[in-house]
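Chemist: Here's a structure for you.
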Amino acid sequence: MNLIRFNQYPIFNDLFENFERNFINQANELKGDMPAVNINEENDRFILELAAPGLNKSDFKINLDNQVLTISSAKKEEKNEKNYTRREFLFNSFTRSFTLPKNVDSEKISADYENGILKLQLPKKDLETKISKQIEIR
């Protein structure tokens with residue numbers, strides 16, 4: 001069994017590196033970066049954590065409409081007079097939507113933002129207990 005060195009064919013490495021730099025990064029800039037989300041269910045609540053470092057509390061908008069929770073952020077790029085050789089500091093907007101289960105108490109949802117993590121507490125409410133019975137046919 002032979003091992004192939006990563007840079008055995010440097011022309012291909014340059015080709016793929018240029019492709020990634022020129023096309024994939026441009027596509028990422030156009031679509032915006034989608035922040036990662038963790039959702040944890042506990043007995044009395046759901047906890048939603050959204051990773052969004054570099055933002056402020058005022059950059060977020062959180063809306064609830066018909067059991068759909070929407071988290072969005074838009075940060076405008078400030079004009080900078082510096083002439084960079086390469087610039088990768090770019091802040092984009094994003095929107096994430098989640099359909100909440102019926103047992104979430106929408107009146108008690110709370111949110112905190114600390115250390116780049118937006119954390120939402122989604123308390124559960126007791127749903128009416130369903131009564132089951134057998135119905136006789138007449």
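Chemist: In whole Hz, what ³J(HN,Hα) sequence does region 48-65 give by Karplus (6.51, -1.76, 1.60; θ = phi - 60°), x for Gly and Pro?
Modeler: 10, 10, 10, 7, 9, x, x, 9, 10, 4, 6, 7, 9, 10, 10, 10, 10, 9
Chemist: Moving to a separate point now. Step through the table entries 75/125; 75/108; 57/108, compare each Cα-Cα distance with 23 Å, and write down the pairs that go over it.
Modeler: 75/125; 75/108
None of the figures in this text is laboratory data; all of them are computed from the coordinates on show. Being a predicted model, the structure only gives us computed values, none of them experimental.
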